[in-house]
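**Student:** Quick one: structure below, then a few questions.
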Amino acid sequence: MAIALRNRDIPAGKIDVGREEILVRTVGEYRNTGEIPATIVRTNAPGDVVRIKDIATVVDTFEDPSTYSRLDAHPAVSLSILKEKDFDTHAVVSATRSVVSEHLSGIANPPDVKYINDLTILIDDSMGVLKNNALIGLLMVVIA
């Protein structure tokens, strides 16, 4: 509980200065794991304190994964991009690919990126079939 209470960034109100309003936030986030051992867990009336370092050892590590993602029999990172109802699928996919390319260009040894379940392929195929059917229908009307 002490860590959760200490590691917060929360609104603390506002100050009205003339025609301006200044929003105030309290920033209590840890900047690094070295700050965690100094967190006070309990105090008593004489001013004695118990810190995390008095009762525990802090180790900077990774949490065990709760899910695994694999692609082509190799460990992978999965990312799902969902568009909002009124947005164009092609624009979302194009913007996503652009952002990924931009970020990968700044990495010395970038990972392999594979796009799967790209709905624009299905949409383009469906539009191709629709165009062909429209053309055949037009030809049948002209011939008849």
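**Student:** Could you list, in sequence order, the residues of segment 69-116 that are over 23 Å from S126 (Cα atoms), of a type outside the set (V, I, T) and under 17 Å from the mean Cα position of the chain (by Cα)?
**Tutor:** Narrowing segment 69-116 to residues over 23 Å from S126 (Cα atoms): 69-79, 98-113.
Within this subset, residues satisfying the condition of being of a type outside the set (V, I, T) are 69-76, 78-79, 98, 101-106, 108-112.
Within segment 69-116, S69, A76, S78, L79, S98, S101, E102, H103, L104 qualify.
**Student:** Taking only segment 51-71 into account, find how many residues are closer than 26 Å to V113 by Cβ and β-branched (V, I, T). Talk me through it step by step, then tell me what you get.
**Tutor:** Step one: filter segment 51-71 for residues closer than 26 Å to V113 by Cβ, giving 62-71.
Cutting the leftovers down to β-branched (V, I, T) gives us 67.
Looking only at that region, the number is 1.
**Student:** Does segment 67-79 contain at least one residue that is in a helix (DSSP H, G or I) and surrounded by 11 or more Cβ atoms within 10 Å (Cβ to Cβ)? Even if it seems obvious, please write down each step before you answer.
**Tutor:** Applying the first criterion (in a helix (DSSP H, G or I)) to segment 67-79 yields none.
Taking every residue of segment 67-79 in turn, none turns out to be in a helix (DSSP H, G or I) and surrounded by 11 or more Cβ atoms within 10 Å (Cβ to Cβ).
**Student:** Please go through segment 123-144 and give me each residue that is farther than 29 Å from L82 by Cα and part of a helix (DSSP H, G or I), ordered by number. Write out each step before concluding.
**Tutor:** Within segment 123-144, the subset farther than 29 Å from L82 by Cα is 132-144.
Answer for segment 123-144, where residues must be farther than 29 Å from L82 by Cα and part of a helix (DSSP H, G or I): N132, N133, A134, L135, I136, G137, L138, L139, M140, V141, V142, I143.
**Student:** While we're looking at this one, here's another question. When you look at E63, is it on the phi < 0 side of the Ramachandran plot, assigned to a loop (DSSP other than H, G, I, E, B), in contact with a helix residue (DSSP H, G or I) (Cβ under 9 Å, 6 or more places away or on another chain) and not aromatic (F, W, Y), yes or no?
**Tutor:** Taking the combined requirement at face value, the residue does not satisfy it.
**Student:** How many of the residues in segment 92-120 are surrounded by fewer than 10 Cβ atoms within 10 Å (Cβ to Cβ) and not hydroxyl-bearing (S, T, Y)?
**Tutor:** Taking segment 92-120 and keeping what is surrounded by fewer than 10 Cβ atoms within 10 Å (Cβ to Cβ), we get 102, 105-109, 111-112, 114, 116-117.
Cutting the leftovers down to not hydroxyl-bearing (S, T, Y) gives us 102, 106-109, 111-112, 114, 116-117.
Counting residues in segment 92-120 that are surrounded by fewer than 10 Cβ atoms within 10 Å (Cβ to Cβ) and not hydroxyl-bearing (S, T, Y) gives 10.
**Student:** A further question on this structure: Just to be sure before I move on: is T120 in a helix (DSSP H, G or I) and within 19 Å of V77 (Cα to Cα) in the structure I sent? Spell out how you get there, then give the answer.
**Tutor:** Working: in a helix (DSSP H, G or I): yes; within 19 Å of V77 (Cα to Cα): no.
Taking the combined requirement at face value, the residue does not satisfy it.
**Student:** Restricting segment 16-46 to residues that are farther than 30 Å from D60 by Cβ and charged (D, E, K, R), which is surrounded by the fewest Cβ atoms within 10 Å (Cβ to Cβ)?
**Tutor:** That would be R19.
**Student:** Another question about this same structure. Step by step: first the residues of segment 81-117, then only those that are outside any loop (DSSP other than H, G, I, E, B) and among the charged types (D, E, K, R), then the one that is nearest to S69 (Cα to Cα). Which residue is that? Write out each step before concluding.
**Tutor:** So in segment 81-117, the residues outside any loop (DSSP other than H, G, I, E, B) come out as 89-105.
Keeping just the survivors that are among the charged types (D, E, K, R) gives 97, 102.
Values: R97: 20, E102: 24 Å.
Out of the qualifying residues, it is R97.
**Student:** Can I ask one more? Taking the conditions exactly as written (aliphatic (A, V, I, L, M), closer than 30 Å to T33 by Cβ and modelled with pLDDT under 90), does A91 satisfy them or not?
**Tutor:** Working: aliphatic (A, V, I, L, M): yes; closer than 30 Å to T33 by Cβ: no; modelled with pLDDT under 90: yes.
So A91 does not fit the description; no.
**Student:** Touching a residue at least 24 places away in the same chain (Cβ under 8 Å) and closer than 30 Å to G34 by Cβ: which single residue out of D60, D64, D54, D118 fits that description?
**Tutor:** Details: D64 fails: touching a residue at least 24 places away in the same chain (Cβ under 8 Å); D54 fails: touching a residue at least 24 places away in the same chain (Cβ under 8 Å); D118 fails: closer than 30 Å to G34 by Cβ.
So the residue among D60, D64, D54, D118 that is touching a residue at least 24 places away in the same chain (Cβ under 8 Å) and closer than 30 Å to G34 by Cβ is D60.
The values are calculated or read from the model by the stated rules, or taken from the named source; none is laboratory data. All of these numbers come straight from a predicted model, not from anything done at the bench. Heads up, the Cβs are rebuilt from the backbone with ideal geometry, glycines too, and the neighbour counts pull from every protein chain shown.
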